[in-house]
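Report on one structure; see the data block that follows.
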Amino acid sequence: MISMSDPKDVSREPGGLAARAEGVLRRNDEGGWTKAAPELYPHQWSWDSAFIAVGWAHLDTRRAARELETLFDHQWATGKIPHIVFNMEAPPESYFPGAEHWAAAAPDSPDAPPTPARTSGLCQPPVHAMAVRRIWEVAGNRGGEALAQARGFLEELYPKLFAWHRYLATIRDPEESGLVTIYHPWESGTDNSPRWNGALERITVGDLPPHPRPDLKGVADPSQRPTEEKYDRYIWLVELIKRARCNEGAIYESHPFLVKDVLFSAILVRANEALLGIAEVARASDEERSMIQGWAERGLRGLEERWDPELRLCLDYDLRAARPLPARTVGGFAPLIAGVGNPDRLEALLEVLDSTAFLGDPELRWPLPPSTSPEDPDFDPRRYWRGPVWPVFNWLLWWSLIRIGEPERAERLLLASLKQLESGGFGEYFEPFTGELLGSDDQSWTAAVALDWLESGTRR
Ligand code: 9WN
């Protein structure tokens, strides 16, 4: 029985949570694609788009499919899905580094798509196949025309998704370790996390012209965004990638930031699981299906290699320095996100999740995991990825908890998440102890995961 204080109870009322979430997506809708946020992020971001498509699925499965189609229209010849597709109508000073900054690299690259000046040269975690699977499930419940359209969409997108995953499993993993190499913290999606401290500290920033920080104007207080010192490193790494003309062989040879990202790799495992289902609908060859299966298995083995018995978390690995990168962050739950088969591993991870290092901290406003543990020396409750709670990460955790057979935990996470959004709004991230909205307001992916949670909750 749902209690009156349950946010699911009020969601269907006009002005309720679902209606407000829908309003955010509709206001940020640019017609075929959705701005990540109204002011701070005026472009189309890759993994945001995948989460956003999950939200759109509950409003209109065709529109959800369109979100991903527009993104995949900018796929590179290598299979890479760029981390940003720039909105050419946005004023150039609204985001940095923008289209013109990347343009100096991309048109030179033989791998860039026909509209090169419109994308960045980086990529982001591959949530896309999971989103496609969600669209398929929702369309399946609707039946009729929605289902027929969704089938056509899956058939069209499948080869592009396959090429994307193949790129990650090969060009981004020449070692065949099962783990994806990232060239920049922005590729992780958890940009300012202490996960990258050790690798960033080694980097000497060369000559750089002064760069603007429009992101600082998009938040109430600059302490919610990365420091200047971090930004110099981010921009320097972009500069080096541009100088290499986005050539991945050259980047692998000399780039100073070359890191095996366990959370990215875990998402790829889950996405490969989803891709197998899509491959079935698209009647893909047995050969392709066994390749996908092989990537997923290799990913699980790779994560197992990165287990840290002391922290009882999975750690990223700095390829250049040949050492793990210790940090107590949500990234450490990568094997749980991937659904690793080893029961001891899962038990240990659930214990850490429940401990005072994460959900068991008695001071938390809601029992939701801080992005960096309050017990980590680099914890900062207000700064981007260094402590605040991120609803999209909670969605990934929820999805995985269901799949590893932990429905009660998943339900608790869903309810706490909805309560957080009900009281705090559709923030980009939240202060873990007070629940205060931080970063951007009306963040599209937050509204999107809220819609998915509300629909999943009401369907049960
Ligand atoms: C850089 C859009 C993106 C998210 C990332 C988040 C933040 C960008 C920034 O915003 O990154 O890509 O300018 O800080 O860290 O995960 O995709 O929402």
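The values are calculated or read from the model by the stated rules, or taken from the named source; none is laboratory data. It should be emphasised that the depicted structure is a prediction, and the values quoted were computed from it without experimental measurement. Glycine gets a Cβ as well: all are built from the backbone with ideal geometry, and neighbour counts include every protein chain shown. Areas reflect the complete protein model, heavy atoms only, side chains present, ligands, DNA and RNA absent. Shrake-Rupley method; radii C 1.70, N 1.55, O 1.52, S 1.80 Å.
Accessible area per residue, 1.4 Å probe, Å², for segment 82-203: what's the number? Intermediate values should be presented prior to the final figure.
Details: 4050 Å² over 122 residues.
Accessible surface, normalised per residue, equals 33 Å².
List the pair-distance distribution P(r) of the chain, using every Cα-Cα distance, as the percent of pairs falling in each 20 Å bin from 0 up to the bin containing the longest distance, rounded to whole percents.
In whole percents, the pair-distance histogram is 26, 63, 11, 0.
Relative to the present Cα-Cα distance, how much length would full extension add between Asp344 and Asp29 at 0.36 nm per residue of separation?
109.0 nm
Accessible area of Arg312, 1.4 Å probe, to the nearest 10 Å²?
Around 80 Å² of this residue is reachable by solvent.
Write down the accessible area per residue of segment 402-460 in Å², having rolled a 1.4 Å probe over the full set of protein chains.
Ligands and nucleic acids excluded, the result is 33 Å² per residue.
Using the Karplus curve 6.51 cos²θ - 1.76 cosθ + 1.60 with θ = phi - 60°, what ³J(HN,Hα) values do you get for each residue of segment 438-453, in whole Hz, with x for Gly and Pro?
Working through the residues one at a time gives 10, x, 7, 8, 6, 6, 4, 5, 5, 4, 5, 5, 4, 4, 5, 5 Hz.
Between Arg142 and Glu69, what FRET efficiency comes out of the Förster formula 1/(1 + (r/R0)^6) with R0 = 30 Å and r the beta carbon distance, rounded to 0.05?
Rounded to the nearest 0.05, the efficiency is 0.95.
Tell me the accessible surface of Arg66 in square angstrom (1.4 angstrom probe, heavy atoms of protein chains only), to the nearest ten.
In the full protein context, Arg66 sits at about 90 Å².
Once label points are set 7 Å from the Cα along Cα→Cβ at both Glu156 and Glu93, what is their separation, rounded to one decimal in nm?
Taking the two extended label points, one gets 3.9 nm.
Can you work out the accessible area per residue across segment 300-399, with the rest of the protein chains kept in place, probe 1.4 Å, in square angstrom?
That works out to 37 Å² for each residue.
Can you work out the Karplus-derived ³J(HN,Hα) for every residue in segment 326-338? Use 6.51 cos²θ - 1.76 cosθ + 1.60 with θ = phi - 60°, whole Hz, and x for glycine or proline.
Ordered by residue, 3J(HN,Hα) equals x, 5, 9, 9, 5, x, x, 7, 3, x, 5, 4, 6 Hz.
Quickly work out the Asp232-to-Thr434 label distance, labels modelled 7 Å from Cα along the C-beta direction, and quote it in nm with one decimal.
Once both label points are built, they end up 3.1 nm from each other.
Contact order normalised by length for segment 44-135, with contacts defined as Cα pairs under 8 Å and 6 or more residues apart; what percent is it?
Contact order relative to length: 38 percent.
Rounded to whole Hz and in sequence order, give me ³J(HN,Hα) for segment 214-222 from the Karplus expression 6.51 cos²θ - 1.76 cosθ + 1.60, θ = phi - 60°, writing x for Gly and Pro.
Here the 3J(HN,Hα) series is x, 4, 5, 7, x, 10, 5, 8, x Hz.
Quick check: residue separation of Glu176 and Ala77 times 0.36 nm, minus the Cα distance between them. What number comes out in nm?
Roughly 33.5 nm would be gained on extension.
Filter the cross-link list Lys230/Lys260; Lys35/Lys80; Lys80/Lys260; Lys80/Lys217 down to pairs whose alpha-carbon distance in this structure exceeds 23 Å.
Details: Lys230/Lys260 20 Å; Lys35/Lys80 21 Å; Lys80/Lys260 17 Å; Lys80/Lys217 31 Å.
Going by Cα-Cα distance, Lys80/Lys217 fall outside the 23 Å limit.
Note down the accessible area of Asp308, probe 1.4 Å, to the nearest 10 Å².
About 40 Å², ignoring ligands and nucleic acids.
Given H placed on each backbone N at 1.01 Å, which residues far from His43 in sequence or on other chains put an amide H within less than 5 Å of it?
Close amide H contacts, sequence-distant or interchain: Ala36, Ala37.
Rounded to a whole number of µm²/s, how large is the Stokes-Einstein D of segment 68-183 at 20 °C and 1.002 mPa s, given Rh as the Kirkwood radius over C-alpha pairs?
Values: Rh = 15.7 Å.
Translational diffusion coefficient: 136 µm²/s.
Counting only protein heavy atoms and a 1.4 Å probe, tell me what percentage of the chain's accessible area is made up of carbon and sulfur.
Ligands and nucleic acids excluded, carbon and sulfur reach 50 percent.
For Cα pairs less than 8 Å apart in space and 6+ apart in sequence, what is the mean separation divided by the residue count of the chain, i.e. the relative contact order in percent?
Worked out over the chain, it gives 19 percent.
Once both labels are modelled 7 Å past Cα along the beta-carbon direction, what's the Ile203-Glu305 spacing in nm?
Between Ile203 and Glu305, the simple spin-label model gives 2.4 nm.
Rank these residues by their accessible area, most exposed first, probe 1.4 Å: Asp29, Asp354.
Ranked list, largest accessible area first: Asp354, Asp29.
With only alpha-carbon pairs counted, each pair once and no self-pairs, how large is the Kirkwood hydrodynamic radius of segment 109-251 in angstroms? Walk me through the intermediate numbers first.
On the way: mean 1/r = 0.0547 Å⁻¹.
With all distinct Cα pairs of segment 109-251 included, I get 18.3 Å.
Search the structure for amide H atoms under 5 Å from the amide H of Asp308, placed 1.01 Å from N in the peptide plane, and list their residues when 5 or more places away or on another chain.
Leu313, Cys314, Leu315
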